[in-house]
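The values are calculated or read from the model by the stated rules, or taken from the named source; none is laboratory data. If you're wondering where the values come from, they're calculated on a predicted model, not measured in any experiment. Cβ atoms come from the backbone with ideal geometry, glycine included; neighbour counts cover every protein chain shown. Just the protein is used for accessible areas: all its heavy atoms, side chains included, with ligands, DNA and RNA removed. Shrake-Rupley method; radii C 1.70, N 1.55, O 1.52, S 1.80 Å.
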Amino acid sequence: MIQFERVSFAYQGNEDRENIKAVSDVSFAIPNGSHVVFLGRNGSGKSTVARLMNGLLLPDEGRVIVDGMDTSENAFIDEIRRRAGMVFQNPDNQIIGTTVADDIAFGPCNLGLPAEEVRARVTRALEETGMTDYRDREPYALSGGQKQKLAVASVLAMQPEILILDESTAMLDPSSRRALMELILDLKEKKQLTIVHITHHMEEALLADYVYVLDEGRIALEGTPADVFDQKDCVLSLGLSLPTHIEISHRISDAIGVPYQPEKVTSFDGAVQFVRESLAKVSDRAFFDNSLEKEMSQMTLDQTQGDHSLGHDELSRTTARIKDDFPLTKGRSPKPLQQGLPVVIDVQHLSYAYEGLAGTHVQALQDISLEVRQGEVLGIVGHTGSGKSTLIQHFNGIIPSSRGTVTVLGEDLSERKIIRSIRRKVGLLFQYPEDQLFEETVALDIAFAPKQMGKSPEEVAYSVEKAAKRLGVDHLLVRSPFDLSGGQRRRVAIAGVLAAEPLILVLDEPAAGLDPAGREDLFDDLATLTNEGATLIIVSHDMEAMAKRCDRILVMKEGRVAKIGTPEDIISSAVFLEDASLDVPPAKRFLDALADDFSELGTFAFDAEDATQKILEAAQFMRKKNPAATIDAPAIRHDILSASKNNELFSETAACSIKHDYLPRVSASDTEHEDIESCEKKASSHG
Amino acid sequence: MGKRSLLGRSIPGTSFIHRLDARVKFIAAILLMIATLSSKSPIVLAVISLWAMVLVALSHIRVRIVLRSVRPIIFLIIFAMVIHFFTVRGTPLFRVGSIVISLEGLTSGLLTALRISLMVIQTSLLLTLTTTPIAIADAMERLLLPLKHLHFPVQEFSMMMSIAMRFVPTLLDEATRLMKAQSSRGADFDTGGLMRRARGLVSILVPLFVSSFRRADDLAVAMEARCYGGTSSRTTLYAMKLQRRDYLFLTAAVLISAFVFLWQG
């Protein structure tokens, strides 16, 4: 049991700055054996709460008690940390041992256990996490997912009762993320662990028994996942998003006026069933409404409409209503590839191999041919190690092309003399670009690229300002980049590449690690670039964001081009996606689940909104084809009334305690459309 | 990506050399290093070369990989060799401009190159290639243990060493990544004027330092979370006990060294 009793904590500020309040007056109790998730935007105090749990931080006010032991008592601290093991975010920065086995042994050795016992625990932890084959590997030779499994193994060797995951899945690709969550749930089951999980991934929240949403160091919302995601507006205003299937259920429920059922739609299958039943009801309800309408039309004599058009009318009215509740995204629909526009990147038969660990031969790229046209947004997706990063590093000559040709803006990149001028025109942003900031102020850092490229001071100043404005960091220009938050640093780093005013911008996972609202905002800001004729190439694992933002998607598999086409071409086939080890975006999975119910449904949707629309259209089409049967109207009226009563009841259980004054700060349109990480399969199978 | 440095990266295996006690390898490496460097006569060097071949055979590591360990200092070797060519006087062989190259110069240059290469090959065979950094750190800790009586924090020191070694590959990867990122922003590392290059270097070093500090912070927290520096005294995991092969190998190393010193008087 972890108890927080009115806990407050502030980080000591630098000399000239005030202390930064991270947690204010937080109280809760986490019972043994439960699975609790903490959500909240970047900087909401989640990690601080985690570190207060095992005495890595001590509260300024209030008490933190773990299994009856106060964390501020020195005598308890080792026992508390043994019981409450912690897995951190960055896989690289928590491995202490020089081999896998040594790292697992580190904790037990610190406890002073006999060497025999330590060895036995190492063996057991390796088995429990499926890492036995890697026993003597060195950490650098592991993938990100394996490193996190190792971190879990190292905690298990301490025989903990509580496992605290501090954004442990944030830096993993979707499949490693799923594998890690599977492992965690399995361990929880086998060892009756208490799980405390801090995350940005809403699907992971669905696995929990109870969810806390933090905002500015306070608990802004709490309840079961069903209760929390029932509070649609509240969740969005807290910088979070709804899992896709829940959003579709909300939208359908709003659209056709069938009461939302929070408990039911928490699981993916439940949501599908909910939508199916609701739509079955609405085809009946058209009659029900129809009869109401008739009563009214008897009073206003000129209103006489046939059943058919009435039903139709209802659906289009509801579609309009959806748009009020959930404003449309600024997202763009893919534009057809215009043959007339110039080709800016032309790759022909490119292959690339390098020498890997211990002299192994790694064929990273194999006969890649590709044309990118001016002004398009090209997405590159593929499993980890499929060659995405290697490919984009060819676009500005970071990796010289050895076999095949790369022509960028008409210049052959094997001509090394032109590399400098090409780098002015092609901006390349690596993962976690915030790590590359180095100047004293934000302004100087953004100015680095244009200065290096020989622009005059006036031009530099102009480009810096323009780039900073576009990314919304112009108010930070005089600050030191090292004082900013992670999200701000990310934006400064991107501005630093934009300042060179590249004609082609290549980004590797630009939104990784950001909260849902931050992710969406960043993509919106980047999308404005293409209006000015720039070409955008985005590498990402986030299939939904890619479907929504890209004109074309290139799928890489084992160093080859598996397919290139419009998002619809790529995403329509779930079999193809799975074959390329990619996630099936949840909106598409939702449509697929309903495919048997509606013949005209199609197999592709960009996001929850698009999916809702397609479902409604398909339902409408079906109804046109076979007019609904007559049913007992009063019975249905009763059904709906009682259901909506229940609905109110549910809403009350999860009271949204957001203070009114900061509700409007995040405008609804900014948070509305979340790109949902596709961790869904897990969510639904465990829901 | 690209070619990986061998620095701090051992190749796992179960050969005779792999299974030797790290302390024995450490001491043998130092002995052989001194012996090799002080060997002058071609006969002695021939014996050491033979011995090095035996080591390679015993380690089951491919010759190509062993030879690669010389690559990082290839320039040093060539430099030392050329210096000998030009400076050692003796029977003139031919002249390059005003400089006379002698037979003695040529032989002594080649022998020097051989000497340095042999030294590097032996040390990397015994230590970096076949011994994990943690085993080296452990061995150092054991060997330094007597210093504990002089209040030298031996355990902390060896923990520090092993963490440093653990992070060498991570930092190398990060440096490569930063170099690519900053080149994409127009930074120069090998062309352009001195100022440009200096700025290029700064753009790598500052973030590398900052991130090292952040890593150090994170790591300290992670260690604390796993009860490091707590009340109980740490378990020493690897009880090191010398085996017959260890004595055998140490004897061989001592004999080789003794031979070198005795032969040369």
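Here are a few things to note about the model shown:
- The condition of being open to solvent by 30 Å² or more (accessible area, probe 1.4 Å), under 25 Å from A:Asp78 (Cβ atoms) and within 12 Å of chain B (Cβ to nearest Cβ) holds for only one of A:Arg137, A:Arg119, that being A:Arg119.
- Every listed requirement among (1) closer than 17 Å to A:Leu165 by Cβ; (2) open to solvent by 50 Å² or more (accessible area, probe 1.4 Å) is met by A:Leu56 save one, (2).
- Number of the condition not met by A:Gly40 [criteria: (1) facing chain B (nearest Cβ under 10 Å); (2) surrounded by 18 or more Cβ atoms within 10 Å (Cβ to Cβ)]: (1)
- Answer from A:Gly454, A:Gly486, A:Gly513, A:Gly518 - the residue that is at pLDDT below 90 and over 23 Å from the mean Cα position of the chain (by Cα): A:Gly454
- Residues in the range A:491-499 include at least one that is at pLDDT 90 or above and either out of contact with any Leu (no Cβ under 8 Å at 6 or more places or on another chain) or surrounded by fewer than 23 Cβ atoms within 10 Å (Cβ to Cβ) (or both).
- Condition met for A:Gln261 (touching a residue at least 40 places away in the same chain (Cβ under 8 Å) and open to solvent by 10 Å² or more (accessible area, probe 1.4 Å)): yes
So that you can scan it fast, the table gives a plain yes or no per residue for (1) under 25 Å from A:Asp173 (Cα atoms); (2) assigned to a helix (DSSP H, G or I):
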position	(1), (2)
A:Leu236	yes, yes
A:Ser241	yes, no
A:Glu247	yes, yes
A:Lys264	no, yes
A:Arg276	no, yes
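- Exactly one residue out of B:Phe152, B:Phe157 is among the hydrophobic types (A, V, I, L, M, F, W, C), under 24 Å from A:Ile96 (Cα atoms) and part of a loop (DSSP other than H, G, I, E, B): that is B:Phe152.
- Annotation for the range B:148-165: at least one member residue is at negative phi and touching a Pro at 6+ places or on another chain (Cβ under 7 Å).
- Restricting attention to the range B:206-237, the residues that are outside any helix (DSSP H, G or I) and surrounded by 14 or more Cβ atoms within 10 Å (Cβ to Cβ) total 8.
- Residues of the range A:377-399 satisfying the condition of being within 11 Å of chain B (Cβ to nearest Cβ), part of a loop (DSSP other than H, G, I, E, B) and not small (Gly, Ala, Ser): A:Gln393, A:Phe395, A:Asn396, A:Ile398, A:Ile399
- Some residue of the range A:359-376 being exposed (fewer than 15 other Cβ atoms within 10 Å of the Cβ) and facing another protein chain (nearest Cβ under 9 Å): yes
- Test: residue in the range A:66-73 that is of a type in the set (A, V, I, L, M) and surrounded by fewer than 22 Cβ atoms within 10 Å (Cβ to Cβ): yes
- When B:Leu110, B:Leu58 are screened for being more than 14 Å from chain A (Cβ to nearest Cβ), surrounded by 14 or more Cβ atoms within 10 Å (Cβ to Cβ), in contact (Cβ under 8 Å) with a residue 24 or more places away in the chain and farther than 30 Å from B:Ala139 by Cα, only B:Leu110 passes.
- Options B:Ile74, B:Ile78: the member that is aliphatic (A, V, I, L, M), without any contact (Cβ under 8 Å) to a residue 24 or more places away in the chain, assigned by TED's automatic domain parsing to the domain that holds B:Met140 and within 30 Å of A:Ala353 (Cβ to Cβ): B:Ile74
- Residues satisfying the stated conditions in the range A:452-484, i.e. open to solvent by 60 Å² or more (accessible area, probe 1.4 Å), touching a residue at least 12 places away in the same chain (Cβ under 8 Å) and assigned to a loop (DSSP other than H, G, I, E, B): A:Val478, A:Arg479
- Checked against the criteria, A:Glu568 does not count as surrounded by fewer than 22 Cβ atoms within 10 Å (Cβ to Cβ), within 25 Å of A:Pro91 (Cα to Cα) and of a type outside the set (Ser, Thr, Tyr).
- Selected residue (only one of A:Ile537, A:Ile494 is within 27 Å of A:Arg589 (Cα to Cα) and either part of a strand (DSSP E or B) or within 14 Å of chain B (Cβ to nearest Cβ) (or both)): A:Ile537
- Count of the range A:437-451 residues, restricted to those that are facing another protein chain (nearest Cβ under 10 Å) and open to solvent by 10 Å² or more (accessible area, probe 1.4 Å), is 4.
- The single residue among A:Ser421, A:Ser414 that is surrounded by fewer than 20 Cβ atoms within 10 Å (Cβ to Cβ) and assigned to a helix (DSSP H, G or I) turns out to be A:Ser421.
- In the condition set (1) facing chain A (nearest Cβ under 8 Å); (2) over 29 Å from the mean Cα position of the chain (by Cα); (3) under 29 Å from A:Phe482 (Cβ atoms); (4) at pLDDT below 90, B:Gly192 is compliant with all but (1).
- Taken together, the residues in the range A:56-86 that are touching a helix residue (DSSP H, G or I) at 6+ places or on another chain (Cβ under 7 Å), touching a residue at least 12 places away in the same chain (Cβ under 8 Å) and more than 9 Å from chain B (Cβ to nearest Cβ) amount to 6.
- The set of residues in the range A:1-56 that are under 22 Å from the mean Cα position of the chain (by Cα) and outside any helix (DSSP H, G or I) comprises A:His35, A:Val36, A:Val37, A:Phe38, A:Leu39, A:Gly40, A:Arg41, A:Asn42, A:Gly43, A:Ser44, A:Gly45.
- Any hit, the range A:124-134, residues being closer than 30 Å to A:Asp173 by Cβ, facing another protein chain (nearest Cβ under 8 Å) and either open to solvent by less than 60 Å² (accessible area, probe 1.4 Å) or not aliphatic (A, V, I, L, M) (or both): no
- Matching entry among A:Gln94, A:Gln146, A:Gln89 (being in contact with a Phe, Trp or Tyr (Cβ under 7 Å, 6 or more places away or on another chain), at pLDDT 90 or above and at the interface with another protein chain (Cβ under 10 Å from one of its Cβ atoms)): A:Gln94
- Identity of the residue in the range B:124-139, under 18 Å from B:Val168 (Cα atoms) and more than 13 Å from every other protein chain (Cβ to nearest Cβ), that ends up most open to solvent (accessible area, probe 1.4 Å): B:Leu127
- Pairs linking a residue in the range A:99-113 that is more than 7 Å from every other protein chain (Cβ to nearest Cβ) and within 19 Å of B:Thr131 (Cβ to Cβ) to a residue that is part of a helix (DSSP H, G or I) and open to solvent by 10 Å² or more (accessible area, probe 1.4 Å), with Cβ atoms under 7 Å and 6 or more positions apart or on different chains, are A:Val100/A:Tyr134.
- Condition check for A:Val406: touching a His at 6+ places or on another chain (Cβ under 7 Å) and crowded, with 22+ Cβ neighbours inside 10 Å: yes
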